[in-house]
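Trainee: Before I ask anything, let me first share the structure, which is written out below as C-alpha cells.
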Amino acid sequence: MATDKCMLIRGRFATKLTDVMEAINASIDFDQQMAMQDIDGSLAHSEMLSDQGIITKEDHQLIASGLSNIRQEISEGKFKFSRSLEDIHMNVESRLHDLIGMVAGRLHTARSRNDQVATDFRLWVRDAHDRADELLGELLHTLLDRAEEHANTVMPGFTHMQSAQPITFGHHLMAYVEMFGRDLSRVRDSRRRMNESPLGAAALAGTSFMIDRDKTARALRFDRPMRNSLDSVSDRDFAVEYLSFASLSMVHLSRLSEEIVLWMSPLFDFIKLSDEWTTGSSIMPQKRNPDAAELIRGKVGRVNGSLAGLLTMMKGLPLAFSKDMQEDKEQTFDAASTLEICLQAMIGMVSDMQPVKERMRTAAGLGHATATDLADWLTRFIGIPFREAHHITGRLVREADHRGVSLEEIPLDAMQAVDGRITADVYIVLGVDNSVNSRVSFGGTAPANVLKQVAGWRNRL
C-alpha cells in the first residue's frame, strides 16, 4: 500500500522502480533525521494556506491533528519508515493519508518537494548551529575557569617544538579561548546569514496561489523569506558555511588534543588525566593512553572530508534543483554529530586535566629560556642595540653550557668577563617567575594580564 501511494508522484511512469534504482534513489535511511523539521514546516504551511483561504479551516485542523499524531509516533519510536516512499516528506505524507484520508493531499498545495527539503534542511542546520553555539560557550567557560585557576602556573612556551620562553599555563589556555571564540563568532555570523525561509518558492518559479511567505517565515522563526525562488531551492551555502566552521573548529580541537597527547607523555609529564578520559593497554599495564584526545585528532578528517564532498558536489550544478543535492545531508549530519561529540569530550578533558606544576616549572627553565629576557635587559638598562645584546647573550649562553648551569647561576664576574657593563641588577630579570611577570605588554603572559583577559572574556560571553 505504501508503494501504491508513492506511485502517486510517478503518474506518467508505467513501471515501478527497480530494486537498485529504489536503493540509490531513497534517502529515508538518513533524512529521517529531519522528521521534526518536516512536520514544523508542514504545520506552518498548512496554517498559512488556511489563513489565505486556499484550504478550509476544517481541513487545516485535520492536517494539524494528523501531523501532531505523527510527531508523537516518531518521538515514541512507533513510526515505521519505508524506503519505498523514498524520503521523509513522502513518509510523513503517506502516514498523514492513513490518518485523515484524502484531505492529506491538500497539504502539498502551493508547495514542491524542492522548497520543502530546502526548508527542512535549513531548519536542521540552523538547529545544528544552535547546538554548536551552546557547546562552544560551555567549552569557553571551562577554559576560562582553568585559565584563571592557573594564571600563575609557569610552563615552557615552545617554538619549533623547542623550549623558547617561559609562559603560564593560564596564558596558554587563553590562546585556545581566542581560537574557540572566533569559532563562536563564525557560527553566530553564519546563523544570521542563513536565517531566511525558502518555503513558498515551490519547484523553482514560485506559485500562482496567493500565499503569504512572510507568514510562514515568521512561524518558522526565520527573519524573512528568501528573495529569489530559484536561489531558494538551489542554495546550500548555509550547509557549506556550517561545514567550513565545523572543519576549522575541529582543527582547533585537534591542535589542543595534540598538546594534551604530548603533555601526557612521560617525556613531558605536564598534565594528568583521570581514568574517565584515558584507557589502558592490552599488554602494558603501566600505560595510560589519552584515547579521547587521539580520537578527536583523528576525527578531523571526517569533517574536513564532508566539507570537501559538499563543495565538490555543488561546484558543477546548474540552477535549480538536481538530485545530486540529496548528497548534501548525510555528510552534514555526520559532521555535526562528530563536532558535537568532540566538543563534549574536550569540555570533559579540560575540566579533568591536572597540571604537574613542579614538572612544568622545571621544564620552563630548560634550554636557557630566559635568554631573551637577558638580551632585553641589556638593551633597556645598558642601552646596547638589540643585535649587539643578542650577540652578548649568545656568548653568555655558551658560558652557561660550558659550566653546566643555568643563566641565573652564572657568577657576576663571569658575566662581566663577557661584557663589563653588566651589573648585579641583571639577576632581577633572570628566572622563570621574573620572566613571566615582566611580560606585561598587551596580550602578554604576565599573570595580571591573564586575569584581566579572563574577566574581559567573561563579560563578552
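The values are calculated or read from the model by the stated rules, or taken from the named source; none is laboratory data. None of these values were measured; they are calculated from a predicted model. Cβ coordinates were reconstructed from backbone atoms using ideal geometry, including for glycine residues, and neighbour counts include every protein chain displayed. Ligands, DNA and RNA are stripped out before the accessible areas are found, and what is left, the full protein with its side chains, is counted by its heavy atoms. Shrake-Rupley method; radii C 1.70, N 1.55, O 1.52, S 1.80 Å.
Trainee: Mean projection of the alpha-carbon convex hull of the range 183-337 over all orientations, in nm²? Mind dumping the intermediate values first?
Mentor: Values: hull surface 50.7 nm².
Spelled out: convex hull of the Cα atoms, projected over all directions, averaged, 12.7 nm².
Trainee: While we're on this one: Can you tell me the alpha carbon radius of gyration of the range 366-461 divided by the globular rule-of-thumb value 2.2 N^0.38 Å? All intermediate terms of the calculation are to be shown ahead of the outcome.
Mentor: Working: Rg = 15.8 Å, N = 96, 2.2 N^0.38 = 12.5 Å.
This ratio for the range 366-461 stands at 1.27.
Trainee: Counting only DSSP beta bridges with both residues in the range 119-273, tell me the antiparallel percent, nearest 5.
Mentor: Numbers: 6 of 8 bridges.
The antiparallel fraction comes to roughly 75 percent.
Trainee: Here is a further query. Taking 8 Å as the Cα distance limit and 6 or more residues as the minimum spacing, I'd like the relative contact order of the chain as a percentage. Numbers along the way, then the final one.
Mentor: On the way: 624 pairs, mean separation 77.3, N = 461.
Relative CO of the chain lands at 17 percent.
Trainee: Modelled label-to-label distance, Glu388 and Val405, 7 Å Cα→beta-carbon offset: nm?
Mentor: Distance between the two pseudo-spin positions: 2.6 nm.
Trainee: Ok, one more. Full extension from Ala448 to Leu311: what is 0.36 nm times the residue separation minus their Cα-Cα distance, to one decimal in nm?
Mentor: Values: separation 137, 0.36 × 137 = 49.32 nm, distance 4.51 nm.
The Ala448-Leu311 span can extend by a further 44.8 nm.
Trainee: If you don't mind, there's one more thing I want to ask. Just to verify a number: FRET efficiency for Met21 and Asp51, C-beta to C-beta distance, R0 = 35 Å, to 0.05? Working shown, then result.
Mentor: Values: r = 40 Å, r/R0 = 1.14.
Step by step, r from the Cβ atoms, then E = 0.30.
Trainee: While we're on this one: Please state, rounded to one decimal and in Å, the Kirkwood hydrodynamic radius that the range 76-204 gives when every pair of distinct Cα atoms enters the mean of 1/r. Can you show the working numbers first?
Mentor: Values: mean 1/r = 0.0521 Å⁻¹.
Final number for the Kirkwood radius of the range 76-204 is 19.2 Å.
Trainee: Also, I was wondering about something else. For the residue pair Glu330 and Asp189, what label-to-label distance in nm results when each label sits 7 Å from Cα along the Cα-to-beta-carbon direction?
Mentor: Here the answer is 3.2 nm between the modelled labels.
Trainee: Oh, and also: Find the all-direction average of the projected area of the Cα convex hull for the range 206-264, expressing the result in square nanometres with one decimal place. Walk me through the numbers before you get to the answer.
Mentor: On the way: hull surface 23.5 nm².
Convex hull of Cα atoms, orientation-averaged projection: 5.9 nm².
Trainee: Next up: With a sphere of radius 11 Å drawn around the Cβ of Gln453, what net charge do the other residues whose Cβ falls strictly inside it have (Lys, Arg +1; Asp, Glu -1)? Let's see the in-between values first.
Mentor: Numbers: positive: Lys452, Arg458, Arg460; negative: Glu148, Glu178.
Summing Lys and Arg as +1 and Asp and Glu as -1 gives +1.
Trainee: Before rounding to the nearest 500, sum -39500 (n - 2.57) across all DSSP H runs of length at least 4 in the chain and divide by the residue total; then give [θ] at 222 nm in deg cm²/dmol. Numbers along the way, then the final one.
Mentor: On the way: 19 runs with 280 residues, N = 461.
When only DSSP H runs of four or more count, the value is -20000 deg cm²/dmol.
Trainee: A further question follows. Once you put a point 7 Å from the Cα of Arg255 and another 7 Å from the Cα of Asp425, both along the Cβ direction, what distance in nm separates them?
Mentor: Distance between the two pseudo-spin positions: 3.8 nm.
Trainee: Any idea of the accessible area per residue across the chain, 1.4 Å probe, to the nearest Å²? Intermediate values should be presented prior to the final figure.
Mentor: Working: 21890 Å² over 461 residues.
For the chain, the solvent-accessible area averages 47 Å² per residue.
Trainee: Given +1 on the Cβ of Lys and Arg, -1 on the Cβ of Asp and Glu, and no further charges, what dipole in debye does the range 127-260 carry about its Cα centre, rounded to the nearest 20? Intermediate values should be presented prior to the final figure.
Mentor: Working: 16 positive and 21 negative charges, 103 e Å.
Its charge dipole is roughly 500 debye.
Trainee: Turning to a different aspect of this structure: To the nearest Å, what is the center-to-center distance of the range 387-404 and the range 71-104, using C-alpha atoms only?
Mentor: 78
Trainee: For the chain, just the Cα set please: Rg and Dmax, both in angstrom.
Mentor: In order Rg, Dmax, the Cα atoms of the chain give 30.7, 101 Å.
Trainee: Considering only Ala345, Val405, Leu461, whose Cα is most displaced toward the positive end of the charge dipole of the range 333-461, charges sitting on Cβ of Lys, Arg (+1) and Asp, Glu (-1)?
Mentor: With unit charges placed on the Cβ atoms, the residue in question is Leu461.
Trainee: With charges set only on the Cβ (+1 for Lys and Arg, -1 for Asp and Glu), what does the dipole of the chain come to about its Cα centre, in debye to the nearest 20? If you can, show how the numbers build up before the last one.
Mentor: Working: 53 positive and 64 negative charges, 134 e Å.
Charge dipole, the chain, about its Cα centre: 640 debye, nearest 20.
Trainee: Cα convex hull of the range 265-391: mean projected area in nm², to one decimal? Don't jump to the answer; show the numbers that get you there.
Mentor: Working: hull surface 62.1 nm².
Averaged projected hull area, Cα only: 15.5 nm².
Trainee: Something else about it: Using a 1.4 Å probe and counting only protein heavy atoms, arrange Lys452, Lys357 so the residue with the most accessible area comes first.
Mentor: Details: Lys452 155, Lys357 110 Å².
Ranked list, largest accessible area first: Lys452, Lys357.
Trainee: Could you compute the FRET efficiency for Asp237 and His160, with r as their C-beta to C-beta distance and R0 at 41 Å, rounded to 0.05? The partial results should precede the final answer.
Mentor: Working: r = 39 Å, r/R0 = 0.95.
Once rounded, the FRET efficiency stands at 0.60.
Trainee: Please calculate the 1.4 Å probe accessible area of Glu330, with all protein chains present, and give it to the nearest 10 Å².
Mentor: Glu330 has an accessible surface of roughly 100 Å² with all protein chains in place.
Trainee: Hey, another quick one. Roughly how much of Arg188 is accessible, in Å² to the nearest 10, using a 1.4 Å probe?
Mentor: Number for this one is 110 Å².
Trainee: Run the count for the chain, please: Lys pairs, Cα-Cα under 18 angstrom, 8 or more apart or on different chains. Before the final figure, lay out each step's value.
Mentor: On the way: Lys5/Lys16; Lys5/Lys80; Lys57/Lys215; Lys272/Lys287; Lys272/Lys357; Lys315/Lys323; Lys315/Lys329.
Count of close lysine pairs: 7.
Trainee: So for the chain, taking the charge dipole from beta-carbon charges (+1 Lys/Arg, -1 Asp/Glu), which of Ala175, Ser249, Ile55 sits furthest toward the positive end?
Mentor: Positive-end residue among those listed: Ile55.
Trainee: Determine the share of the chain's accessible area contributed by carbon and sulfur atoms, expressed in whole percent, with a 1.4 angstrom probe. Intermediate values should be presented prior to the final figure.
Mentor: Values: 11340 of 21890 Å².
On the chain, the fraction of accessible area on carbon and sulfur atoms equals 52 percent.
Trainee: Okay, next question. Mind putting together the pair-distance distribution for the range 169-236? All Cα pairs, 10 Å bins, whole percent per bin, short to long.
Mentor: Percent of Cα pairs in each bin: 20, 34, 18, 14, 10, 4, 0.
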